[in-house]
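Colleague: My questions all concern the structure below.
The values are calculated or read from the model by the stated rules, or taken from the named source; none is laboratory data. Note that this is a predicted model, so its numbers are computed, not measured. Neighbour counts run over all protein chains shown; Cβ positions are idealised from the backbone, glycine included. What goes into the accessible areas is simple: the full protein's heavy atoms, side chains included, and nothing from ligands, DNA or RNA. Shrake-Rupley method; radii C 1.70, N 1.55, O 1.52, S 1.80 Å.
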Amino acid sequence: MNPMAESDDRGNRLIGVFQVAALAVVVVVGIYFARAPERLAVDPSYALGTTAAPPAVSVVQPVPSSHAARVSLTGTVGPHGLLAMMLSNRPGGRVTWISPAMRFGGTFKAGEVLLKIESKDYELAVADAEAEVRQAKARLEQRKLEGASARAEYRASHPGVEVPPLIAHLPQIARAQARLDEELIRLETRQLALSRTEFSLPFDGRISRAQVSVGQVLTAGTPFGTAYAKDSMEVGAKIAYDDLAYLQPAVGRAATIITEDQAFPGEVVRISAEVDVQSRMPRLFLKFADAVPLESIPLPGSFATVIIEGPAFDDAFLLPDAAEQPGGRVWIVNRGTLMSVSPTTLRQAVTGWLDSPGWLVRTFDTGDGVVVGSVFGAHDGMQVSIAAD
């Protein structure tokens, strides 16, 4: 026999054997699955398509109530309402005394004397003006007496005739009165200059810059520092239009101003008349409550978080953030199965200045409770059980 023919015959027999073996394997597998136990049958209502026990889920049962949201903003502290006042003294002179408050960062009360300048020249000027006033009063009194005497003589010699103004010395009396008025004004001016030798400000405030020392000669009108009033210290914070619309009317709303680890009561006092150039957002300005001591108010430039209480929504649910599922939906448990619900969002509500936000929604049918957290493999109609806690 030809060797080549013999080799081909042997290969064909091997291929036939492998084909028979493969067919046998397919038959065995088919018989196995045909006789598989019933537990392998799937039910889509069960978690992960198995007959395992339904997973336990945590739920909350919200109560319809009136809930207010809080708007959280970030801003800076500064004398936004009033620019820092330039300190200058109208009368010039040599500085003789400086208050300890007249330093960088010093705080002072309204009317508190901050510095004194040499006052001797102004005291002498006041004394001179007082002497001039006394002389003017004497001249006026003399003119009045002369006029009274002249009127009496004229009436004696001209009974029943009205005394002419010149006879009654009325022009002389008027000139004397005018001179007295002039001297009184001069006295008041010099007294005012003397009072300004003790420098003070009409408001509670803080010194932001001071360039003055004892012995220094101050020229009238030359600035020597800056200060700002307590009432000018505000927080300016940018606000989104939807937040501003929610807070309307915003002016007058109570707020909490938080800097570092301190919280202060505050109030919205006004809204900017123009938007911020970069963010294109308006700004709210808030003042610190009057009861906050000046020493406690943060320094200008400090960052602050502002929490503003908004109007309340009636008949609303306040859900925890963990209840929100992808797409703004929630899962509710209805007779042991999951059901997807898309509630109407009212606000993301800040529940406290250190707390995580909550979710304010309109009320809806919550069934046996709203699921909190994620459920692996969750789908509508999936069977679940409610956890005992």
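Colleague: Give the distance, in whole Å, between the Cα centre of the stretch 269-285 and the Cα centre of the stretch 299-318.
Modeller: Taking the Cα centre of the stretch 299-318 as reference, the centre of the stretch 269-285 is 17 Å away.
Colleague: Tell me, what is the FRET efficiency for Gln191 and Lys120 to the nearest 0.05, using R0 = 22 angstrom and their Cβ-Cβ distance as r?
Modeller: The value I calculate is 0.90.
Colleague: Could you order peptides 239-251, 156-168 by the average number of other Cβ atoms within 10 Å of their residues, highest first?
Modeller: On the way: 239-251: 15.4, 156-168: 10.8.
The peptides rank, most packed first, as 239-251, 156-168.
Colleague: Under a 1.4 Å probe, what is the accessible area of the stretch 247-389 per residue, stated in Å²?
Modeller: Value for the stretch 247-389: 53 Å² per residue.
Colleague: In square angstrom, rounded to the nearest 10, how much accessible surface does Ser302 have for a 1.4 Å probe?
Modeller: It works out to around 40 Å².
Colleague: Still on this structure, I have one more. Taking only C-alpha pairs under 8 Å that are 6+ residues apart, what is the relative contact order of the stretch 133-227 in percent? Walk me through the numbers on the way to the answer.
Modeller: On the way: 60 pairs, mean separation 25.0, N = 95.
Reported as a whole number, the value is 26 percent.
Colleague: Turning to a different aspect of this structure: Let me have the relative contact order for the stretch 84-199, percent, based on Cα pairs under 8 Å that are six or more residues apart.
Modeller: 37 percent
Colleague: Let me ask something additional. Can you list the lysines whose alpha carbon is less than 24 Å from that of Lys287, not counting same-chain residues fewer than 8 positions off?
Modeller: Correct list for Lys287: Lys109, Lys230, Lys238.
Colleague: Equivalent ellipsoid semi-axes for the stretch 132-255, as square roots of 5 times the alpha carbon gyration tensor eigenvalues: give them largest first, rounded to whole Å.
Modeller: 63, 27, 9
Colleague: Now a separate question. Take the solvent-accessible surface of the protein heavy atoms, probe 1.4 Å, and return the percent of it on the stretch 279-389 that carbon and sulfur atoms account for. Please report the intermediate quantities before stating the final value.
Modeller: Details: 2920 of 5540 Å².
Result for the stretch 279-389: 53 percent of the exposed heavy-atom area is carbon or sulfur.
Colleague: Here is a further query. Expressed as cubic angstrom per residue, what is the convex hull volume of the alpha carbon set of the stretch 265-334?
Modeller: 216 Å³
Colleague: Related question: Which values, in whole Å and largest first, are the semi-axes of the equivalent ellipsoid of the stretch 277-389 obtained as the square root of 5 times each eigenvalue of the Cα gyration tensor?
Modeller: 41, 15, 14
Colleague: Something else about it: Between Arg335 and Asp242, take the C-beta separation as r, use R0 = 56 Å, and let me know the FRET efficiency to the nearest 0.05.
Modeller: For R0 = 56 Å, the calculated efficiency reads 0.90.
Colleague: Then there is this: What does a probe at Thr96 reach in the stretch 116-136, counting residues whose amide N is under 16 Å from the point 7 Å along Cα→Cβ?
Modeller: Residues 116-127 qualify, since their backbone N sits under 16 Å from the label point.
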